[in-house]
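Enquirer: Below is a structure I'd like to ask you about.
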Amino acid sequence: MKLFKGLTLFAALAEAGVGAVEDDFCPNVRWSKVGEACVPSQKWVTTCNAAGTLTISAHIDHFYAAVPSTIKTKLLGDLVKEDGWAEGDEDDELKKTVALSFSQVEVNGASVIRGVYTFGPSESASNAAKPLVNNVDLELATPLSYTVTCDYDSSISVEISEVGIDANPTFGGTSTTGSLDIGATLTGADDSSKKWTIGDTVTLTVADNTADSLTVSVAIESCTAYSDKDYLQNPVPISKGTCYEDQINTQIVARDDLRVFVLSFDAFKYSIGGKAAYVKCQLRACFVNSDGSRDTAYLTCAQL
């Protein structure tokens, strides 16, 4: 018997305007009263992941108002077996990673990709969430429905170290903290030495490492090479949007309308400083709707 079908029955912070708690007390010590709402507290963690997913860590008391110790092991086992949960890091804890529902919104004048996940009892899940375990009838410990929101930057800075002569380059870039897992990958070096010489063609490709539940359109807005690892000294533009500057023989390899996602340039060496260049690229990520369109309310996305 599937006891916990659709068990998304717990939450992060209570949304403004949700219904009031009927009692003066919350279900148990894992919940705290904020205004007229009970919100999960002790041992409750929600984490917005760079892949565009949400990881939930919760205590069994967040699910049910009172769980006798005699059935706790079976209840935890059923949650793991039937609803795809995993055992948590501590006793009586569970973890699960879920997909988010996305849209492009404006926050303080900046365009962001917003992911939303709503927890709470639903008509289809309420009966299944009140199981009989070892002849003990459990009561749901989630009186309200509430939502977790994850906001991700649309503008992503990617840094790629040591591109150039006699360097040991990093094949791939890392995005800034708090961004989606979108970077850039470099190819073109000799596979055996992992080094370039002057005139070798270096190809830079957008790397989208996000979850399948999130579709984004990513463009290279600009790339600049520097002579130091702090990305400050002797800047040399590699590209500037679709009107790239041909300072080091940059070529657009792949584009979709105005969206540039692969470009190449000749490896080079600074006449001063170290033996390598350090490349920083600015990428623009925009959410793609189910019909393949991008949100036209944001010019940068509409043009991608």
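Enquirer: If you add up the charges near residue 90, with Lys and Arg at +1 and Asp and Glu at -1, over every other residue whose beta carbon is less than 14 angstrom from its beta carbon, what do you get?
Expert: Surrounding charge for residue 90 is -2.
Enquirer: Rounded to the nearest 0.05, what FRET efficiency do residue 135 and residue 32 have when you use their Cβ-Cβ distance and R0 = 41 Å?
Expert: 0.85
Enquirer: I want to check the label-to-label distance for residue 252 and residue 231. Put each point 7 Å from Cα in the C-beta direction and report it in nm to one decimal.
Expert: 2.3
Rule-based calculations on the coordinates, nothing more; no lab input. None of the values given here were measured: they were computed from a predicted structure. Glycine gets a Cβ as well: all are built from the backbone with ideal geometry, and neighbour counts include every protein chain shown.
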